[in-house]
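Trainee: If you scroll down you'll find the structure; I have some questions about it.
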Amino acid sequence: MSSLQGYVDRKVLLVLQDGRAIVGTLAGFDQKSNIVLADSKERVYSVEDGVEEIPLGLYLVKGEMICLVGELDEEIDKSVDLATVRAEPIPPIRYG
Amino acid sequence: MLPLSLLTAAQNKPMLVELKNGETLNGHLVNCDNFMNITLREVYQTNPDGDRFWKLKECYIRGSTIKYLRVPDVLLDTVKEEQNRARDVGRNSRGGHIGGRGGPRARGTRGGPMRGGRGRGRGA
């Protein structure tokens with residue numbers, strides 16, 4: 001069975017159902033995929049301006065809200081200048 | 001670290017709860033359960049648009065309506081410290097029982113020279 005154990009203490013990107021993208025260090029998780037994210041920052045993407053990074057601190061996210069947990073390659077992430085990134089924000093999930 | 005352990009450790013601490021409908025509630029955690037149902041006190045409730053506010057003395061939030069919770073950063077270090085302390089207490093108490101039979105180095109050295117002395121004394 002796959003589990004998030006491999007991601008613990010790594011930097012990850014969380015994509016939530018409302019379209020938010022949050023990066024942080026995965027401090028813990030449980031069977032329902034509830035997640036503890038430390039030093040988290042929300043990244044707000046925009047087509048006109050660069051990425052806005054909002055520091056959020058210690059986050060407990062409910063598993064139901066999570067679409068995706070991705071391991072972030074810290075070296076590649078450091079080399080990216082967020083001010084130059086232009087992207088459409090991810091829309092929230094719509095069911096049905 | 002389990003999310004629910006972090007939450008239980010956050011009792012009496014201030015936190016921000018965002019609900020699935022976008023409302024936010026700022027307050028101090030009174031209690032929580034395995035479903036993540038929580039009770040808060042001294043709560044400031046804000047509507048999704050951020051233009052209406054309510055002050056509530058106490059409120060109960062059903063866990064299934066919660067999107068996420070934001071808690072003070074220091075809580076992570078506090079909980080890790082407590083987990084380490086609890087683990088160390090377990091280790092020390094178990095080490096004490098085993099020490100009675102096998103003997104850690106400290107007790108061995110205290111016994112060694114004495115035994116050697118007595119032996120030499122008898123030999124001489």
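Trainee: Restricting attention to segment B:20-63, which residues are of a type in the set (A, V, I, L, M, F, W, C) and closer than 20 Å to A:ASP30 by Cα? Quick ask: steps written out before the conclusion?
Mentor: Here is the first cut: in segment B:20-63, the ones of a type in the set (A, V, I, L, M, F, W, C) are B:25, B:29-30, B:32, B:35-36, B:38, B:40, B:43, B:53-54, B:56, B:59, B:61.
B:CYS32, B:PHE35, B:MET36, B:ILE38 - these are the residues of segment B:20-63 that are of a type in the set (A, V, I, L, M, F, W, C) and closer than 20 Å to A:ASP30 by Cα.
Each row is one residue, and each column tells you yes or no for (1) away from chain A (no Cβ under 11 Å); (2) modelled with pLDDT under 95.
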residue	(1), (2)
B:LEU2	no, yes
B:LEU16	no, no
B:LEU19	no, no
B:ASP51	yes, yes
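Trainee: Identify all residues within segment B:4-14 that are surrounded by 14 or more Cβ atoms within 10 Å (Cβ to Cβ) and either facing another protein chain (nearest Cβ under 8 Å) or under 11 Å from the mean Cα position of the chain (by Cα) (or both); write none if there are none.
Mentor: Within segment B:4-14, B:LEU4, B:SER5, B:LEU6, B:LEU7, B:THR8, B:ALA9, B:ALA10 meet the criteria.
Trainee: While we're looking at this one, here's another question. Quick one: count up the residues across segment A:34-57 that are farther than 20 Å from B:SER5 by Cβ and within 7 Å of another protein chain (Cβ to nearest Cβ). It would help to see each step written out before you state the result.
Mentor: Keep residues of segment A:34-57 that are farther than 20 Å from B:SER5 by Cβ, which gives A:41-56.
Subsequent filtering for residues that are within 7 Å of another protein chain (Cβ to nearest Cβ) retains A:56.
Count: 1.
Trainee: Report yes if some residue within segment A:25-33 is within 11 Å of chain B (Cβ to nearest Cβ), part of a strand (DSSP E or B) and of a type in the set (Asp, Glu); otherwise report no.
Mentor: Just the residues of segment A:25-33 that are within 11 Å of chain B (Cβ to nearest Cβ), to begin with: A:25-33.
Subsequent filtering for residues that are part of a strand (DSSP E or B) retains A:25-29.
Okay, now just the ones that are also of a type in the set (Asp, Glu), so none.
No, segment A:25-33 contains no residue that is within 11 Å of chain B (Cβ to nearest Cβ), part of a strand (DSSP E or B) and of a type in the set (Asp, Glu).
Trainee: Within segment A:1-24, how many residues turn out to be more than 18 Å from B:ASP73 (Cβ to Cβ) and assigned to a strand (DSSP E or B)?
Mentor: 4
Trainee: Still on this structure, I have one more. Would you mind finding the one in A:LEU60, A:LEU14 that is of a type in the set (A, V, I, L, M, F, W, C), under 15 Å from B:LYS67 (Cβ atoms), facing chain B (nearest Cβ under 9 Å) and surrounded by 12 or more Cβ atoms within 10 Å (Cβ to Cβ)? If you could, list the steps in order and put the result at the bottom.
Mentor: Numbers: A:LEU14 fails: facing chain B (nearest Cβ under 9 Å).
Just a single option satisfies the conditions, and that option is A:LEU60.
Trainee: Still on this model: Could you tell me whether segment B:83-96 includes any residue that is surrounded by 11 or more Cβ atoms within 10 Å (Cβ to Cβ), modelled with pLDDT under 95, within 14 Å of another protein chain (Cβ to nearest Cβ) and within 29 Å of the chain's Cα centre (by Cα)?
Mentor: Scanning segment B:83-96 turns up at least one residue that is surrounded by 11 or more Cβ atoms within 10 Å (Cβ to Cβ), modelled with pLDDT under 95, within 14 Å of another protein chain (Cβ to nearest Cβ) and within 29 Å of the chain's Cα centre (by Cα).
Trainee: Could you please give the count of residues in segment B:1-48 that are in a strand (DSSP E or B) and not aliphatic (A, V, I, L, M)?
Mentor: Keep residues of segment B:1-48 that are in a strand (DSSP E or B), which gives B:14-19, B:24-32, B:38-46.
Adding the requirement that they be not aliphatic (A, V, I, L, M) leaves B:14, B:18, B:24, B:26-28, B:31-32, B:39, B:41-42, B:44-46.
Summing the residues that are in a strand (DSSP E or B) and not aliphatic (A, V, I, L, M) in segment B:1-48 gives 14.
Trainee: Output the number of residues of segment A:63-96 satisfying the condition of being over 23 Å from B:LEU69 (Cβ atoms), part of a loop (DSSP other than H, G, I, E, B) and not hydroxyl-bearing (Ser, Thr, Tyr).
Mentor: 11
Trainee: Could I ask something else about it? Restricting attention to segment A:15-28, does a residue exist that is over 14 Å from the mean Cα position of the chain (by Cα) and free of Cβ contacts under 8 Å to residues at least 60 places away in the same chain? Before you say what the answer is, go through the steps one by one.
Mentor: Filtering segment A:15-28 down to residues over 14 Å from the mean Cα position of the chain (by Cα) leaves A:28.
With the extra rule that they be free of Cβ contacts under 8 Å to residues at least 60 places away in the same chain, the set shrinks to A:28.
Within segment A:15-28, one or more residues are over 14 Å from the mean Cα position of the chain (by Cα) and free of Cβ contacts under 8 Å to residues at least 60 places away in the same chain.
The values are calculated or read from the model by the stated rules, or taken from the named source; none is laboratory data. The structure displayed is predicted, hence computed values, not measured ones. Quick reminder, even Gly has a Cβ in these numbers, built from the backbone with ideal geometry, and neighbours come from all protein chains shown.
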